[in-house]
Structure formats: C-alpha cells, structure tokens
Amino acid sequence: MTPTRLWFRQDLRLQDNPALHAAIARGGPIIPVYILDDAGEGRWVMGAAARWWVHHALTALDAALRSRGSRLIVARGESATVLRELIASTGAETVFWNRRYEPATIARDAQVKAEFSAAGLEVKSFTGALLNEPHTITNKQGRPFQVFTPYWRHCLTLPVAAPIKMDTGALVAPAKWPRSLAVPELELLPRIPWDAGFAAVWAPGETAARARLREFAAGAMAEYGDGRDQPARDGTSRLSPHLHFGEVSPRQVWAAVRAAAKGSGVFPPSKGAGVFLSEVGWREFAHHLLFHFPQTPERPLREEFARFPWAPDPRAKKLRAWERGQTGYPIVDAGMRQLWQTGWMHNRVRMIVASFLVKHLRLPWTQGSGWFWDTLVDADLASNTLGWQWSAGCGADAAPYFRIFAPVLQGNKFDPAGDYVRRWVPELSRLPAESIHAPWEAPPHVLAAAGVKLGGNYPKPIVDHATARNAALAAFRELRAGKSVA
Ligand code: FAD
C-alpha cells in the first residue's frame, strides 16, 4: 500500500489520536511529519516560549515514534509546498491530520485540503483537540453562545466519548524514509538563554503530560475548588501547555476524572473535580468564541471598546516596567517574574496583572496579550484572547470594566502569608506578611530590617492605586457616554 502522510500539528501524542488511529486502521506505512510553517500562522506566529516547548515536544515525539519502529520527519516552510514535495518523493496518496481552530490555520488547512483533494488524494481531518467542535454548538436561536454558564450547561448535556483505544505497538515504516531536518535545525530554542528556568519546571512530551494528569487527578484535584486560587500552592493541574500542544487530549482528561469517580459512582467525584472540568470547559468556550468571532485576537468583541482612551506611555516606560516585574506592586511583579522565569503564570495572578495593565496603567490589552503570546509556554490564541478580553471588560462574559482588581487586596486575600511574592520577588522575602503586599506602607524600621530600600533595590509603585482607579473609571464613563476623551 502507498503510505499515509500523518501531519502532526498541535496533537503531539500517540494515544487518543484520531488521525493516527485512522492511519493505522487504513493499513500500510505511515510517514509522520511535523512542519514549522510560520507564515501559515498568519499574524500569530508562535512565540519564543512556545517554540522552546515545541523543540522538546518534537524530540520526545520522535523518540516515542522511534521506539515503535517509526520516526518523525521534520521540515520547515509553507505547509502545502512541503507536503507536495513529500508526497511526490514518497508516493503517498493519503494525508491525515487533526484539526486546529485558529482563523489563519483554518484558512490554510482548507486550501491544503482543496488542492490535494483536487489532485485525487485522500485527505481527511479529524477532531482531537476539543470535546466539541465550535461549529457544532449553538444556542436556542441557532447563534453562538457568548456567556459561559449556558454554554457549559449545554455542553454537559452532550456525551463525552472515551479516549480511543489504540494499538501503537509498532508502526509500519515506509521502504525509504524521506529527508528530514534534525529538530535542532528548526532553531526553536531562544538565542539568549532566558529559558534556563523552564527545564526545572516543565517536561514537555506525552509521557510527562499523562504522568502530570495522573498525579493531579489522584491528588490536588479534590481540593481544586480552593487550591486553584492560591498561587503559592501547587493547586492547579499545570496541564495547559500539554493541552495546547495536544500531548494530552481533553477526552483523556475527562476519562481521568471519570476514573477517579469509579469508586464512588458519583460524577464528578468531588466539588473540586467539577470545578476543574468547568475550567476545561472555559478552554472549549474560548475556542467557540475564537471560531465565531475570528477578529477578536486584534479587536474587542464589544466594538465600542475600540474607542477606549488609552493612556500615553512615552518610550513604553510603563509597559516595560510591567513586563519586567518592576511596577512596585509585589503581587503584579511576582506574577510577571514567574512568567519570565518559567513561561507560565498562575491563573489568579494572570487576572491581576492583566487588570493592572489595562486599568491601572490604561495600556491597550493587545500589548499585554502580545507579551503573553511571546512568553507563555501555553500561549494559545483562543484562551489568551478570551483571558485578555475578559480582563479588559471588552469580551464575551467579561468582568465589567468598572470592576478593578486592587492589587494589595488581591495579594492579601490570595497570598496571605506572602509566600508567592517571597518566591518570585526575593528582594522582598524578609518582609513580614502584613507588609509584603504594600511595602510602601511599612514603617522605615521594618523595611530596613528586611533590607528593602524603596526606589533602591525595589521600585516605588509606578502609579497610585486610588488615582489610577479613578482615572480608569472616568475613562470608562466617558466611553459609555460616547464622548471622545483626550
Ligand atoms: P487548571 O486550573 O488546572 O485548568 C485546567 C485546564 O483548563 C488548563 O490547563 C486550561 O487548558 C484550561 N483552562 C483553565 N482556565 C482557563 C481559562 N480561564 N480560559 C481557558 N482555558 C482555561 N490559558 C492558556 O492555556 N493559554 C493562554 O495563552 C492563556 N492566556 C491567558 C491570559 C489571561 C489574561 C488570563 C486571565 C488567562 C489565560 N489563560 C490561558 C487561562 C488560564 O490562566 C490558564 O489556562 C491556566 O492558568 C493554566 O494553568 P493550569 O493548567 O494549571 O490550569
């Protein structure tokens, strides 16, 4: 039989992989390929932290394939061109892949499908990244949902299939392998070594992803309801990059929760598990919104927000202070430094730093989403867009603009002992808990004893909370009144 070309994209796993399953079922040799196609991603070319992840994930996938008598063919360039060349050199008549849902990749994949189908090839795509594909879900009026609760209530009425049982013991190799780059030749690792902290925290690849899921389901999941709001704790699954790159599927996540419920027969097995599944639901909702509102990575869903009067920021001074974790607000700085050092930030803190950028600094949310895009290992166009539009108050089911997170209150509430700040802002580590979220209010002798010099080894707040809050509310009122504000 002619070989099947199996196009890996954001489905870097061998289990519960519908395209691979179909290729095995068809029989004959399989040629797995990964193409680094930056142009095919449109305006959202993969950021630096995500590239670090892909380097290691591809290495892991190649090793997993080799242990089954196969290997990963790695290429760089325009997807259709690379596939065309590979098809010509191997005589493949079949191309299979699992679908992606970003506007640019949908358009690219449609073109690839049209070209190869017209050339008489068998081209099939499958659903492997979501529980429900965005176009299959509508509200009673036949329109896309824009509010999470009814969306998720509706999804919970739909069946969730079990992961596909796959026999990937050995994969049939072609008589001759086509040429391939080595993974390092894709040059995905950063030139400046800012990724030093990543490897200490992350293990990309399917094996690590499944181990993480097992560990979470057996441990922190039951307490997730409370644990997920305490950034100092390891209370969340940390599955986001694994889910984004498809090293584990949402169906496998669902099945792990189901398995945890087996003993009790109650599903979900704990309050924590139910909340956790609803977060997986937010991921689905994000894809639903991106699919139906493809303009939202660049433009607010609520169009009136396009006129929002952002504050001037000469020489991007405020933006840089935010990016570098030098705002003088410890919980904000801790989050931004966790992001820089590990490529990830706790969800509670993502909301705090996003609110701070948009409301305290009044800088455009797209500047924040751009920075996240480049620095998050889990950078995901759907979830990042939803998270930023939610925080900025301009998206679907968003936090209202007038709800402005007070960083000190948020810090005291969710990091009461200050351990999260101590970990990521070491210059404040000797401050007592009562001063750690507002060092500028600490008596001089407390600062001196802790070795903190405001304006010296730690900045004074770059904006005053009350003043910034009032300015943000005034700008919002003007926007609502339809006036243009200078
Ligand atoms: P858990 O709490 O264990 O949740 C399990 C899974 O559910 C996550 O792995 C993730 O896939 C999904 N999930 C959880 N919360 C959300 C959410 N609010 N929206 C969508 N999916 C969710 N998530 C990304 O995966 N990529 C992004 O680029 C991204 N950008 C964000 C930007 C902002 C401003 C905000 C506020 C949130 C963003 N999120 C993003 C959502 C969320 O912060 C992360 O998914 C979560 O912190 C990942 O950690 P976890 O795997 O431990 O999550």
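The values are calculated or read from the model by the stated rules, or taken from the named source; none is laboratory data. Keep in mind that what you see is a predicted model, and the values were worked out from it rather than measured. All Cβ positions, even for glycine, are placed from backbone atoms using ideal geometry, and neighbour counts span all protein chains on display. These area figures cover heavy atoms from the full protein model, side chains too; ligands, DNA and RNA do not enter into them. Shrake-Rupley method; radii C 1.70, N 1.55, O 1.52, S 1.80 Å.
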| J(HN,Hα) series, segment 162-176, from Karplus relation 6.51 cos²θ - 1.76 cosθ + 1.60, nearest Hz, glycine and proline x | 6, x, 5, 7, 10, 9, 9, x, 9, 10, 6, 8, x, 4, 9
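Could you look at the chain and say what percent of its accessible area is carbon and sulfur, using a 1.4 Å probe and all protein chains?
C and S fraction of accessible area: 55 percent.
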| Overall dimensions of segment 337-486 as given by Cα atoms, namely Rg and Dmax in Å | 16.7, 51
| field | Rel. contact order, % - alpha carbon contacts under 8 angstrom, at least six apart, segment 333-486 | value | 21 percent
| request: Take the Cα pairs of segment 337-418, get the Kirkwood Rh, then feed it into Stokes-Einstein at 37 °C and 0.692 mPa s and tell me D in µm²/s. | output: 253 µm²/s
| request: Report, largest value first, the span of the C-alpha coordinates of segment 80-228 along each principal axis, in whole Å. | output: 54, 48, 37
| query | Across bins of 10 angstrom width beginning at 0, how are the C-alpha pair distances of the chain distributed, in whole percent? | reply | 4, 18, 28, 26, 16, 7, 2, 0
| For ALA311 and MET1, what does the FRET efficiency come to when R0 = 41 Å and r is the distance between their Cβ atoms, rounded to the nearest 0.05? | 0.05
| Residue-normalised accessible area of the chain, given per residue in Å² at a 1.4 Å probe | 43 Å²
| said: What's the magnitude of the charge dipole for segment 62-103 around its Cα centre, counting Lys and Arg as +1 and Asp and Glu as -1 at the beta-carbon? Answer in Debye, nearest 20. | reply: 200 debye
| If you wrap a convex hull around the C-alpha atoms of segment 29-123 and split its volume per residue, what is the figure in Å³? | 99 Å³
| request: Treating cross-link reach as a plain straight distance, find the lysines whose alpha-carbon is under 27 Å from the alpha-carbon of LYS140, omitting any fewer than eight places away in the same chain. | output: none
| query | In square nanometres, what is the average projected area of the Cα convex hull of segment 366-411? | reply | 3.8 nm²
| request: Find the eigenvalues of the gyration tensor of the Cα atoms of segment 398-486, then list the square roots of 5 times those eigenvalues as equivalent ellipsoid semi-axes, largest first, in whole angstrom. | output: 32, 15, 9
| task | Place the peptides 160-167, 273-280, 380-387, 213-220 in order of packing, highest mean first, counting for every residue the other Cβ atoms within 10 Å and averaging per peptide. | result | 380-387, 273-280, 213-220, 160-167
| Kirkwood Rh in Å, taken over all unlike Cα pairs in segment 125-191 | 17.1 Å
| query | Once you wrap a convex hull around the alpha carbon atoms of segment 251-382, what is its projected area averaged over all directions, in nm²? | reply | 10.1 nm²
| said: Taking the 0 to 90 degree range and rounding to the nearest ten, how far is the long axis of helix 79-90 tilted relative to the main principal axis of the chain, both from C-alpha atoms? | reply: 30 degrees
| field | segment 172-263, relative contact order in percent, only Cα pairs under 8 angstrom and at least six apart counted | value | 26 percent
| said: Given segment 82-159, report the % of alpha carbon pairs whose separation exceeds 22 Å. | reply: 42 percent
| remark: Helix-only [θ] at 222 nm, the chain, -39500 (n - 2.57) per DSSP H run of 4+, per residue, nearest 500, equals -13500 deg cm²/dmol
| With respect to the cross-link table entries LYS318/LYS359; LYS317/LYS460; LYS113/LYS165; LYS318/LYS460, which display a Cα-Cα separation exceeding 21 Å? | LYS113/LYS165
| field | Nearby aspartates and glutamates by direct alpha-carbon distance to LYS271 (threshold 12 angstrom, same-chain neighbours under 8 apart not counted) | value | GLU223, ASP226
| task | Can you tell me the order of 227-240, 430-443 when each peptide is scored by its average per-residue count of other Cβ atoms within 10 angstrom, highest first? | result | 227-240, 430-443
| request: Would you mind calculating the relative contact order of segment 324-408 from Cα pairs under 8 angstrom and at least 6 residues apart, reporting the percent as a whole number? | output: 26 percent
